[in-house]
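Below is one structure; the comments refer to it alone.
A short reminder: the numbers here are calculations on the coordinates, not readings from a lab. Note that the structure is predicted; figures quoted are calculated from it, not measured. Cβ placement follows ideal geometry from the backbone for every residue including glycine, while neighbour counts extend to all protein chains displayed.
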Amino acid sequence: MCKKESSSFLTGALIGAAMGAVAGLLFAPKPGKETRKDLKEKGQKYWETGKLNYDRAYNIAQETVDEIKEQAGPVLEEIQSQVHEKVLPLMQKAKDASDPLKEEIREKIGRLVDDVENKIEEEKKNKKRMFGGLK
């Protein structure tokens, strides 16, 4: 049986059980007033139990979060300290070392652009000389 069929069956079974319980209460030999009172009391009891369980789960989750924060605080501070001590100076050194390289690259690119422009001009002049008399 696949998961979808299993969950569909389980859902159907739970709905059927709930409907059977409601039907049993409604068709019980008690008068309607007593049945409604019983339903109200049971509903209130389930509501209180659910609220109590929710409150417990919320408190446990909050305590866990607080504990994690407490334990993680010093670790995060240590990581931040290491970043400031080691990583930031390395980044600055890399930046300082790259500045002269950037300038050298700019100069080489500038010379390359000049060379290309000069070659283009030479080629234009050569074409004029070669094809100038054909007009």
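For the pair residue 53 and residue 10, what calculated FRET efficiency results from E = 1/(1 + (r/R0)^6), where r is the Cβ-Cβ distance and R0 = 25 Å, to the nearest 0.05?
Working: r = 21 Å, r/R0 = 0.85.
So the FRET efficiency works out to roughly 0.70.
What value in Å³ per residue do you get for the convex hull of the alpha-carbon atoms in the range 31-134?
On the way: hull volume 20.4 nm³, N = 104.
Value for the range 31-134: 196 Å³ per residue.
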Highest-first arrangement of 32-40, 92-100, where packing means the average Cβ count within 10 Å: 32-40, 92-100
Label point distance in nm, residue 63-residue 23, each placed 7 Å from Cα along Cα→Cβ: 4.4
MRE, 222 nm, helices only [DSSP H, n ≥ 4, -39500 (n - 2.57), over the chain, to nearest 500]: -32500 deg cm²/dmol
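If a/c stays under 1.5 just call it rounded; otherwise compare a/b with b/c (prolate if a/b is bigger, oblate if not). Do that for the range 8-60, with a ≥ b ≥ c from the square roots of the Cα gyration tensor eigenvalues.
Numbers: a/c = 6.03, a/b = 1.34, b/c = 4.49.
Note, shape of the range 8-60 comes out oblate.
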Only Lys, Arg (+1) and Asp, Glu (-1) charged, at Cβ; the chain dipole about Cα centre in debye: 1140
Estimated inter-spin distance, residue 111 and residue 91, nm [label 7 Å along Cα→Cβ]: 3.4
